[in-house]
1. Does ASP74 count as touching a residue at least 24 places away in the same chain (Cβ under 8 Å) and either surrounded by fewer than 11 Cβ atoms within 10 Å (Cβ to Cβ) or under 17 Å from THR46 (Cβ atoms) (or both)?
2. Any idea how many residues of the range 46-71 are open to solvent by 60 Å² or more (accessible area, probe 1.4 Å) and not in a loop (DSSP other than H, G, I, E, B)?
3. What are the residues in the range 77-91 that are surrounded by 10 or more Cβ atoms within 10 Å (Cβ to Cβ) and polar (S, T, N, Q), if any?
4. Of all residues in the range 12-37 being aliphatic (A, V, I, L, M) and open to solvent by 100 Å² or more (accessible area, probe 1.4 Å), which is modelled with the highest pLDDT?
5. Restricting to the range 45-100, name every residue that is charged (D, E, K, R), touching a strand residue (DSSP E or B) at 6+ places or on another chain (Cβ under 8 Å) and modelled with pLDDT under 90.
Amino acid sequence: MRRIIFLLISLFVLFIIFFDLKNGTIPVQEEQAVPASAFQSSEKKTYKTLTVKQGQTVVSIVHTSKPLDEVIEDFEELNKGVKANEIRAGSTYKFPVYQR
């Protein structure tokens, strides 16, 4: 009798494991995936317009702890056609402003 009960319980446990692995027990909500770039483009970037002085760089003007790549990308996005390493003294550019 013990063998039969043990066999039935074992089969039941195996069935539960099989069902859980096949179908899952956590309900899945089907949401449409949104690319990360959609969030960035929808945000309005704040900026300040400054005239560059001799010896200044984009990084020295922005003063942030953000990654350098992100600062350069934001600068070049605000100033279409201008590379961050090609700014000229006496020219006016838009520089990104980040919240602290």
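The values are calculated or read from the model by the stated rules, or taken from the named source; none is laboratory data. In this text, all values refer to a predicted model and were calculated from it rather than measured experimentally. Neighbour counts are summed over all protein chains in view; Cβ atoms, including those assigned to glycine, are modelled from backbone coordinates with ideal geometry. Calculation scope for accessible area: heavy atoms of the full protein, side chains included, ligands and nucleic acids excluded. Shrake-Rupley method; radii C 1.70, N 1.55, O 1.52, S 1.80 Å.
1. Answer is yes for this residue.
2. Adding up the residues that qualify gives 9.
3. Listed by number, the residues that qualify are ASN79, SER91.
4. Start the filter on the range 12-37 by keeping residues that are aliphatic (A, V, I, L, M), which leaves 13-14, 16-17, 21, 26, 28, 33-34, 36.
From the residues that got through so far, the ones that are open to solvent by 100 Å² or more (accessible area, probe 1.4 Å) too are 14, 21, 26, 28.
Working: LEU14: 93, LEU21: 82, ILE26: 67, VAL28: 62.
Of everything passing the filter in the range 12-37, LEU14 is modelled with the highest pLDDT.
5. Of the residues in the range 45-100, the ones charged (D, E, K, R) are 45, 48, 53, 66, 69-70, 73-74, 76-77, 80, 83, 86, 88, 94, 100.
Next cut, touching a strand residue (DSSP E or B) at 6+ places or on another chain (Cβ under 8 Å) only: 45, 48, 74, 94.
Scanning the range 45-100 gives a single hit, LYS45.
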